[in-house]
């Protein structure tokens with residue numbers, strides 16, 4: 001039964017991709033945002049989303065929570081449509097739609113040829129962050145979580161490897177071993193620190209306990225490497241502001257718990273800047 005459901009979802013997405021290609025970027029993102037706003041709540045628990053928002057923004061009234069949720073689904077829809085045009089974002093045709101602040105930091109990382117850990121969360125069109133880092137000439141490997149739908153995951157993996165970042169590492173124990181191998185060969189690592197993980201430690205996130213990855217902290221302690229936060233904001237339609245923040249450095253005797261907590265706190269600030277552009281549907285505090 002689940003296989004049939006996944007196959008129907010697969011055919012639906014392929015049909016939408018075809019329609020988006022015909023419509024062009026502007027109309028496709030507009031249509032997709034409307035569709036996702038209507039059908040998104042059918043796939044994700046609205047009560048979970050509301051609960052997550054209130055954990056981070058406890059003083060929000062019902063109207064504010066509803067507005068954040070609505071705009072989140074709209075952003076989700078735009079991301080879906082933008083996958084069809086991801087090749088154009090990498091090449092000159094749409095690359096001008098990504099304004100970059102802090103490019104000199106990436107240029108310095110490339111020049112020094114010393115790997116770093118890029119951290120971020122599921123903001124706006126998060127795929128464009130790794131795309132731009134790799135396009136800047138930095139050797140990069142990205143950690144990702146495979147989709148549950150194996151039909152869709154096959155398509156998404158092809159898109160990601162071809163146009164976003166060629167080195168894709170599946171999240172998990174085997175993936176961690178690959179991370180070490182890549183890093184030792186002077187390849188920087190990019191990972192999202194906002195998802196729930198099966199391996200990690202309990203840390204505070206918006207003042208609530210949640211299981212959090214310790215990969216950045218472990219690499220800091222083992223390799224004395226820098227952590228570079230990166231953030232992307234949707235300005236309007238499909239125009240973006242990509243910000244590369246100043247590298248963070250920690251003494252090797254700093255504890256895993258302290259580093260992990262401080263990275264969570266940095267992430268909180270980025271989320272609060274544009275809460276409607278973060279994906280609240282993950283079961284982050286489970």
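Among the residues of segment 171-216, write down those that are more than 20 Å from the chain's Cα centre (by Cα) and on the phi > 0 side of the Ramachandran plot.
The answer is 186, 207.
Scan segment 94-110 residue by residue and report those that are at pLDDT 95 or above and either loosely packed, with under 11 Cβ neighbours inside 10 Å or in a helix (DSSP H, G or I) (or both).
Those that are at pLDDT 95 or above and either loosely packed, with under 11 Cβ neighbours inside 10 Å or in a helix (DSSP H, G or I) (or both): 103, 104, 105, 106, 107, 108, 109, 110.
Considering each of 75, 125 in turn, give the residue that is in a loop (DSSP other than H, G, I, E, B), within 14 Å of residue 276 (Cβ to Cβ) and in contact with a strand residue (DSSP E or B) (Cβ under 7 Å, 6 or more places away or on another chain).
Exactly one of 75, 125 is in a loop (DSSP other than H, G, I, E, B), within 14 Å of residue 276 (Cβ to Cβ) and in contact with a strand residue (DSSP E or B) (Cβ under 7 Å, 6 or more places away or on another chain), namely 125.
Any chance segment 194-211 includes a residue that's touching a strand residue (DSSP E or B) at 6+ places or on another chain (Cβ under 8 Å) and under 25 Å from residue 110 (Cβ atoms)?
no
List every residue pair whose Cβ atoms sit under 7 Å apart, with the two residues 6 or more apart in sequence or on different chains, where the first one lies in segment 176-187 and is under 16 Å from residue 110 (Cα atoms) and the second, anywhere, is at pLDDT below 95 and exposed (fewer than 11 other Cβ atoms within 10 Å of the Cβ).
What qualifies is 186/113.
Being over 27 Å from residue 210 (Cα atoms) and either surrounded by fewer than 13 Cβ atoms within 10 Å (Cβ to Cβ) or touching a residue at least 60 places away in the same chain (Cβ under 8 Å) (or both) is the filter here; which residues of segment 35-73 pass it?
Of all residues in segment 35-73, those over 27 Å from residue 210 (Cα atoms) come to 35-39.
Hits for segment 35-73 are 38, 39.
Check 268, 254 and return the single one that is surrounded by fewer than 18 Cβ atoms within 10 Å (Cβ to Cβ) and over 17 Å from the mean Cα position of the chain (by Cα). Steps first, answer last, please.
Values: 268 fails: over 17 Å from the mean Cα position of the chain (by Cα).
Matching residue, one of 268, 254: 254.
Yes/no per residue for (1) over 15 Å from residue 192 (Cβ atoms); (2) surrounded by fewer than 17 Cβ atoms within 10 Å (Cβ to Cβ); (3) out of contact with any helix residue (DSSP H, G or I) (no Cβ under 6 Å at 6 or more places or on another chain); (4) at pLDDT below 95:
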| site | (1), (2), (3), (4) |
| --- | --- |
| 248 | yes, no, yes, no |
| 258 | yes, yes, yes, no |
| 264 | no, no, yes, no |
| 278 | no, no, no, no |
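Would you check which residues across segment 135-186 are part of a strand (DSSP E or B) and out of contact with any strand residue (DSSP E or B) (no Cβ under 6 Å at 6 or more places or on another chain) and list them? Talk me through it step by step, then tell me what you get.
The initial filter retains those residues of segment 135-186 that are part of a strand (DSSP E or B), namely 140-144, 167-170.
Correct list: 170 only.
Going through segment 250-264 one residue at a time, which ones are more than 9 Å from residue 217 (Cβ to Cβ) and touching a residue at least 24 places away in the same chain (Cβ under 8 Å)?
Selection gives 252, 261, 264.
For segment 179-219, how many residues meet the condition of being surrounded by fewer than 17 Cβ atoms within 10 Å (Cβ to Cβ) and within 22 Å of residue 113 (Cα to Cα)?
Within segment 179-219, residues that are surrounded by fewer than 17 Cβ atoms within 10 Å (Cβ to Cβ) and within 22 Å of residue 113 (Cα to Cα) number 6.
The values are calculated or read from the model by the stated rules, or taken from the named source; none is laboratory data. All figures in this text were calculated on a predicted structure; none of them were measured in a lab. Neighbour counts are summed over all protein chains in view; Cβ atoms, including those assigned to glycine, are modelled from backbone coordinates with ideal geometry.
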